1. When the residues of segment 80-95 are narrowed to those that are buried (at least 20 other Cβ atoms within 10 Å of the Cβ) and of a type outside the set (S, T, N, Q), which ends up farthest from Asn37 (Cα to Cα)?
2. Tell me whether segment 101-110 contains one or more residues that are farther than 22 Å from Tyr203 by Cβ and surrounded by 18 or more Cβ atoms within 10 Å (Cβ to Cβ).
3. Could you tell me which numbered condition Ile51 fails, if it satisfies all but one of (1) touching a Lys or Arg at 6+ places or on another chain (Cβ under 8 Å); (2) of a type outside the set (S, T, N, Q); (3) surrounded by fewer than 16 Cβ atoms within 10 Å (Cβ to Cβ)?
4. Would you mind finding the one in Ile72, Ile61 that is modelled with pLDDT of 90 or more, closer than 15 Å to Leu127 by Cα and over 17 Å from the mean Cα position of the chain (by Cα)?
5. Here's a check for you: in segment 121-145, which residue that is modelled with pLDDT under 70 and in a loop (DSSP other than H, G, I, E, B) is farthest from Asp95 (Cα to Cα)?
6. Give me the pairs: first residue in segment 12-40 and more than 20 Å from Asp202 (Cβ to Cβ), second residue among the acidic types (Asp, Glu) and modelled with pLDDT of 75 or more, beta-carbon distance under 7 Å, and six or more apart or on different chains, which are they?
7. Listed residues Gly115, Gly49; which is of a type outside the set (Phe, Trp, Tyr) and more than 28 Å from Ile207 (Cα to Cα)?
Amino acid sequence: MRQYFVINSNNNNLNVDLTNFNKLVIYDWSIPYTFYNIYSYNNSFNIDGNIYTIPIKNYDINSLKSQIETQIAGTTITFDIPTFKTTISRAANYDLVYTPFLDLLGFTSTQTLTGQNSYTSSNVYNLNKHIDNVYINSDNLHNILNYKPLNINNYTHGYINNINTGNFIFGNTITNINNNDIVLSINPNSNYIPNITCNLHDYYNNIINVNGQNVILFCYIE
């Protein structure tokens, strides 16, 4: 007989009895899309060895252009709509040092970014590139269950496809094992689940901050 329970980020004390059960299923989820596209991983902009820290928050191309041009005097950012590429210009020649921030703007680590007064990205800009997929990780569930690892590391259970900021991400927008429920086999040596600690990570395994909002995973064992 199935036993249903909820993993809630505001209260992870479960004490779920695993006796006589052989699998755990995460069948639905509610995750607020309240994390930002500019965050601690990608908010450093390096010009001529001078590092500028872009404030952490959510940007579109217009607000990011305004932020850079206000923060870094003499710098002009152009987002070309027909090509979706970025051009960064200054009056005199300068060097751009590649950082993850430039990755969002479409620049690559192999581009030559020295000795010119203007550089255009090789690829299209995508300000949401680093959060297009957000991964559900658990650092203690692997001690309780046996399961097939997914994606980044041994603790990753599924990932979220990008939707509009400010909305909620529900079950059918997560890709996981067989594009269906996340099914994890229970270790026969485990008697109960005292608690489960889950985090959201980006592709590069940086923790994503949902800014105090509640993440809920709906589960059952059978």
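The values are calculated or read from the model by the stated rules, or taken from the named source; none is laboratory data. Bear in mind the structure is a predicted one, so any value in this text is a computation, not a measurement. Cβ atoms come from the backbone with ideal geometry, glycine included; neighbour counts cover every protein chain shown.
1. Within segment 80-95, the match that is farthest from Asn37 (Cα to Cα) is Tyr94.
2. No.
3. Of the numbered conditions (1) touching a Lys or Arg at 6+ places or on another chain (Cβ under 8 Å); (2) of a type outside the set (S, T, N, Q); (3) surrounded by fewer than 16 Cβ atoms within 10 Å (Cβ to Cβ), the odd one out for Ile51 is (1).
4. Answer to the selection: Ile61.
5. Ile144
6. Phe21/Glu222; Lys23/Glu222
7. Only one candidate qualifies: Gly115.
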